[in-house]
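We did not get these values from a lab; they are worked out from the coordinates using the rules stated. Nothing here was measured: the structure is a model prediction, and the numbers come from that model. Every residue, glycine as well, gets a Cβ built from its backbone with ideal geometry; the counts of neighbours run over all protein chains shown.
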Amino acid sequence: MTKIHSTTVLAVLHNGQVAIGADGQATMGSYVAKSNVKKIRRLLDGKIVTGFAGSTADAFTLLERFEEKLNAYGGNMKRAAIELAKDWRTDRYLRRLESMLITASKDELLILSGTGDVLEPDNHVAAIGSGAMYAQAAALALKKHAPHLSAEEVVRESLNIAADICIYTNHNLVIEKVV
């Protein structure tokens with residue numbers, strides 16, 4: 001799997017709600033190039049929300065292709081993701097793109113990678129980027145020990161914990177709820 005640095009993206013399905021968020025840090029080598037990048041995008045009038053980690057230009061290319069697949073398959077997120085992953089793995093140009101995506105609908109989370117993986121995460125928590133494991137661990141703990149929290153609150157607190165630990169993650173968060 002491609003190792004992506006410089007961000008943390010987290011999506012959580014909890015208490016019948018889905019939220020996805022990301023920090024805003026973009027690094028170039030060992031310095032912060034920008035601190036307020038928006039790594040979350042709404043597609044299909046907000047029915048699908050995506051987040052990306054990795055090269056921004058590569059991610060935009062993938063998001064554009066993903067949106068084309070969504071339109072081609074009537075908004076079926078899983079089918080669009082699988083078809084994108086096939087193209088991503090086999091297409092000579094796409095194969096060189098260094099990015100990962102999380103896609104979320106009101107009842108489903110998926111992680112897409114350039115190796116052709118389309119993963120449905122366990123426990124309804126999806127995380128990518130350099131701070132992914134910190135955010136994922138925090139989200140799993142919060143879901144278990146603070147079940148009264150909303151999905152948005154779980155994402156916010158988990159990303160803040162990741163930002164406290166991961167040097168490639170900051171506290172400039174963008175969090176969106178899936179409607």
_What does the charge count around residue 170 come to, taking other residues whose C-beta lies under 14 Å from its C-beta (Lys +1, Arg +1, Asp -1, Glu -1)?_
+2
*Neighbour-limited loop hits for chymotrypsin sites (Phe, Trp or Tyr not before Pro), the stretch 1-93 (at most 11 other Cβ within 10 Å; DSSP other than H, G, I, E, B)*: 93
*To the nearest 0.05, what FRET efficiency results for residue 73 and residue 150 with a Förster distance of 41 Å applied to their C-beta separation?*
0.85
*For the stretch 8-177, give the magnitude of the charge dipole about the Cα centre (Cβ charges: +1 Lys/Arg, -1 Asp/Glu; no others), in debye to the nearest 20.*
220
*Arrange 89, 156 by Cβ neighbour counts within 10 Å, fewest through most, would you?*
89, 156
*Hey, fewest Cβ within 10 Å first, where do 102, 82 land in order?*
82, 102
*asked:* Can you sort 69, 106 from fewest to most other Cβ atoms within 10 Å of each residue's own Cβ?
replied: 106, 69
*Any idea which of 70, 175, 154 is furthest toward the positive side of the dipole for the chain, if Lys and Arg beta-carbons carry +1 and Asp and Glu beta-carbons -1?*
70
*Pick from 148, 14, 124: which is most flexible by mean-square fluctuation in a GNM of the chain where alpha carbon atoms under 10 Å apart are linked?*
148
